[in-house]
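**Q** Structure incoming, see below.
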Amino acid sequence: MRKFVEYYSPGDISTYIWDTKYRYKNADETGDKSIEDTWRRVATALASVESDPGRWQNSFYNALKDFRFIPGGRILAGAGTDYRVTLFNCFVMGNINDSIDGIFNALKEGAITMQQGGGVGYDFSTLRPHGTQARQVNRMASGPVSFMRIWDSMCQTLVSSGPRRGAMMATLRCDHPDIENFINSKRDSLELRNFNISVLVTDEFMQAIHNDLDWPLVFPTSGLEQDEKCNKRDIIKKQWSGRYEPVPCRIFRIVKARSLWDQIVSASYHSAEPGVLFIDRINRLNNLWYHENIGATNPCGEIPLPAYGACDLGSINLTRFIKNPFTTTASLDLDGIKNIVPLAVRMLDNVIDVSRFPLPEQKRQARNTRRVGLGLTGLADALIMLGFSYSEESARDLAGTIMQTINHTAYRSSIKLAQEKGSFPLLDKNKHLEGEFIKTLPADICNAISQHGIRNSHLTAIAPTGTISLLAGNLSSGIEPVFAFEQQRYILQNDTRKPYQLEDYAWRLWQQTGNGNPPRKTFICAQELEPEMHLRMQAAIQAHVDNSISKTINIPVEYDFSEFKSVYELAYQLGLKSCTVFRPNPVTGEVLRSRKEPLEGEHCCNVFL
């Protein structure tokens with residue numbers, strides 16, 4: 001027998017999300033009375049640094065109106081308020097110095113950043129492996145994973161005292177001696193629940209897997225105590241986190257590359273983590289290749305960042321640019337997208353000047369590079385409204401065209417901003433133009449950078465947009481396919497899980513047409529897609545994104561492990577910068593469920609905040 005549950009509609013959840021996460025409230029009741037007040041507040045705040053604020057207030061408001069452009073959640077929640085918060089969603093923190101002082105200073109910096117609303121990412125590869133000696137204090141190092149537990153407790157404490165779920169990313173190099181412990185650290189459902197974890201996978205490692213070679217696990221000798229038993233054949237040079245040039249590293253032990261890869265894949269299959277970051281590709285394609293060595297990303301992976309880097313995010317809502325949906329004359333308003341992109345870039349650039357920063361190092365890094373991440377959301381719904389199937393090559397071609405349009409327009413807009421306001425301080429024009437991604441841009445853009453410079457080091461990224469897509473009417477989020485056209489989502493409210501029965505935005509529009517059963521070809525959800533279709537869509541868009549993409553490859557629970565093993569390998573072959581998969585499992589359960597009611601006595605889903 002099923003329990004009766006009162007469900008709440010999409011409109012209810014959109015209102016709830018606005019009221020609890022993005023609405024400005026203050027004691028004298030002069031805060032936001034409506035979503036229009038929120039847009040006006042944000043527009044006014046971001047226009048305040050312009051020489052003609054009045055002109056830009058109206059332009060920014062019109063871009064925000066009706067959710068055509070949706071800034072990141074921290075911008076919506078904090079811009080124009082008196083809250084002591086940052087407008088940046090996430091940060092990558094500084095390199096962790098392998099000492100008690102260094103470790104706990106990094107912990108303190110993370111706590112300060114999270115308290116002000118920013119998620120954090122850390123590369124733990126700089127910490128000595130478990131069991132190595134620290135003779136000065138007559139102790140043995142406990143290894144990166146043991147210290148990650150301290151971060152996890154800190155995050156949980158902050159979550160319990162605030163309204164926003166904490167978000168952290170931990171990375172570790174694939175050749176760190178503690179990599180196996182790291183890989184399996186989240187198989188226990190009680191361990192490190194506030195972390196996403198990803199392995200930093202190098203090209204050399206992928207080649208070793210392909211050729212079935214041995215794989216040395218190493219650590220820089222400069223971070224180890226002198227060991228008289230270590231001889232020269234135990235030392236090799238390797239690139240390492242926080243270093244710009246290869247350094248001497250001691251070999252701790254040697255494993256088979258394929259065996260280590262199988263451990264990564266098995267852990268992901270059984271507990272949905274770790275993800276992988278193809279770190280050499282990330283650094284090779286980084287526009288600031290000449291200035292940065294990246295070893296981590298923000299918690300959702302769409303922005304690879306250097307030490308103290310920040311993500312400044314916003315998304316074009318594609319559903320607002322579809323004309324005559326579900327008809328033979330349905331079309332995409334590309335000109336409308338081209339018109340809104342310059343406003344979006346300008347707004348995100350202004351965030352850098354308006355925002356508070358938890359740490360002075362973060363402010364310095366943001367203003368030196370002026371990195372922004374403009375992306376899109378509602379892709380799957382837009383494809384449905386245009387009559388495309390997410391799995392078709394033609395849909396991928398269109399998605400690529402859309403992202404190319406956003407990317408090229410963003411670059412041209414940033415060049416114009418540089419003429420008006422100046423280039424980002426760390427720009428070296430000659431070296432910038434040698435970047436692998438920059439070389440893929442049209443000649444007119446490269447020539448203009450050479451002549452005028454460019455305002456922002458990076459311009460495009462695809463964020464997950466989960467909560468802001470709910471705010472905008474339960475759009476398909478980011479570039480994800482529709483999870484389910486009707487779904488059940490539980491929201492934690494005052495220690496009680498309140499259920500919402502939701503309909504996808506495009507599905508709801510179709511129902512309003514009164515045209516009967518929807519076309520099976522276009523109304524296809526995530527569970528009906530082969531993993532390859534997810535990957536190929538991500539690859540089609542990645543070609544036009546200078547940062548990266550947050551994308552989850554949905555894997556059916558019954559998917560065979562032997563087939564699952566090929567997913568990460570295909571991601572690498574397709575040129576992706578990262579890959580994250582999710583297969584429902586006993587450790588994490590299900591994030592969402594598509595049926596309308598939970599089974600009696602069954603824990604339905606994880607809390608979504």
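The values are calculated or read from the model by the stated rules, or taken from the named source; none is laboratory data. Only a predicted model underlies this, so the values are computations on that prediction, with no experimental measurement involved. Glycine gets a Cβ as well: all are built from the backbone with ideal geometry, and neighbour counts include every protein chain shown.
**Q** Quickly run through segment 550-569 and pick out the residues that are in contact with a strand residue (DSSP E or B) (Cβ under 9 Å, 6 or more places away or on another chain) and surrounded by 15 or more Cβ atoms within 10 Å (Cβ to Cβ).
**A** 550, 551, 552, 553, 554, 555, 564, 567, 568
**Q** Do any residues in segment 15-31 that are within 11 Å of residue 77 (Cα to Cα) and at pLDDT 90 or above have Cβ atoms under 7 Å from those of residues that are β-branched (Val, Ile, Thr) and not in a helix (DSSP H, G or I), where the two are at least six apart or on different chains, and which pairs are they?
**A** If the second residue must be β-branched (Val, Ile, Thr) and not in a helix (DSSP H, G or I), the pairs left are 24/81.
**Q** Just to be sure before I move on: is residue 526 hydrophobic (A, V, I, L, M, F, W, C) and over 30 Å from residue 15 (Cα atoms) in the structure I sent?
**A** Values: hydrophobic (A, V, I, L, M, F, W, C): yes; over 30 Å from residue 15 (Cα atoms): no.
No.
**Q** Pick out the one residue from 397, 381, 353, 335 that is surrounded by 20 or more Cβ atoms within 10 Å (Cβ to Cβ) and either out of contact with any Cys (no Cβ under 7 Å at 6 or more places or on another chain) or not in a loop (DSSP other than H, G, I, E, B) (or both).
**A** Details: 397 fails: surrounded by 20 or more Cβ atoms within 10 Å (Cβ to Cβ); 353 fails: surrounded by 20 or more Cβ atoms within 10 Å (Cβ to Cβ); 335 fails: surrounded by 20 or more Cβ atoms within 10 Å (Cβ to Cβ).
Exactly one residue qualifies, and that residue is 381.
**Q** Here's a follow-up. Could you check segment 222-258 and list, in sequence order, the residues that are exposed (fewer than 13 other Cβ atoms within 10 Å of the Cβ) and either within 30 Å of residue 581 (Cβ to Cβ) or touching a Phe, Trp or Tyr at 6+ places or on another chain (Cβ under 7 Å) (or both)?
**A** Scanning segment 222-258 gives 253, 254.
**Q** Still on this structure, please answer the following. Could you check how many residues of segment 528-549 are of a type in the set (Gly, Ala, Ser) and in contact with a strand residue (DSSP E or B) (Cβ under 7 Å, 6 or more places away or on another chain)? It would help to see each step written out before you state the result.
**A** Here is the first cut: in segment 528-549, the ones of a type in the set (Gly, Ala, Ser) are 539-540, 543, 548.
With in contact with a strand residue (DSSP E or B) (Cβ under 7 Å, 6 or more places away or on another chain) added as a condition, the list becomes 548.
Of the residues in that region, 1 qualify.
**Q** Regarding segment 176-193, can at least one residue be identified that is in a strand (DSSP E or B), in contact with a helix residue (DSSP H, G or I) (Cβ under 9 Å, 6 or more places away or on another chain), in contact (Cβ under 8 Å) with a residue 24 or more places away in the chain and not aliphatic (A, V, I, L, M)? I'd like the intermediate steps shown before the answer.
**A** Looking only at segment 176-193, we keep the residues that are in a strand (DSSP E or B), and these are none.
Checked against the condition, which is being in a strand (DSSP E or B), in contact with a helix residue (DSSP H, G or I) (Cβ under 9 Å, 6 or more places away or on another chain), in contact (Cβ under 8 Å) with a residue 24 or more places away in the chain and not aliphatic (A, V, I, L, M), segment 176-193 yields no hits at all.
**Q** Restricting to segment 384-394, what's the tally of residues that are assigned to a helix (DSSP H, G or I) and crowded, with 24+ Cβ neighbours inside 10 Å?
**A** Adding up the residues that qualify gives 2.
**Q** Additional query: Filter segment 443-500 for residues that are of a type in the set (S, T, N, Q) and within 17 Å of residue 402 (Cβ to Cβ); which is surrounded by the most Cβ atoms within 10 Å (Cβ to Cβ)? Break it down stepwise before answering.
**A** Quick first cut of segment 443-500, residues of a type in the set (S, T, N, Q) only: 447, 450-451, 456-457, 460, 465, 467, 469, 474, 476-477, 487-488, 493-494, 496.
Next cut, within 17 Å of residue 402 (Cβ to Cβ) only: 460, 465, 469, 476-477.
Numbers: 460: 28, 465: 30, 469: 27, 476: 28, 477: 26.
Only one residue fits best here, namely 465.
**Q** Here is a further query. Does residue 91 qualify as being touching a strand residue (DSSP E or B) at 6+ places or on another chain (Cβ under 7 Å), more than 30 Å from residue 219 (Cα to Cα) and at pLDDT 95 or above? Quick ask: steps written out before the conclusion?
**A** Details: touching a strand residue (DSSP E or B) at 6+ places or on another chain (Cβ under 7 Å): yes; more than 30 Å from residue 219 (Cα to Cα): no; at pLDDT 95 or above: yes.
No, not satisfied.
**Q** Another question about this same structure. Consider segment 67-89. How many of its residues are more than 17 Å from residue 167 (Cα to Cα) and hydroxyl-bearing (Ser, Thr, Tyr)?
**A** 2
**Q** A follow-up question, please. So, in segment 420-435, how many residues would count as being assigned to a loop (DSSP other than H, G, I, E, B) and surrounded by fewer than 14 Cβ atoms within 10 Å (Cβ to Cβ)? Explain how you work it out, then say what you get.
**A** Our first condition is that a residue be assigned to a loop (DSSP other than H, G, I, E, B); within segment 420-435, this holds for 422-428, 434-435.
Now narrow it down to the ones that are surrounded by fewer than 14 Cβ atoms within 10 Å (Cβ to Cβ): 422, 425, 428, 434.
Selection size over segment 420-435: 4.
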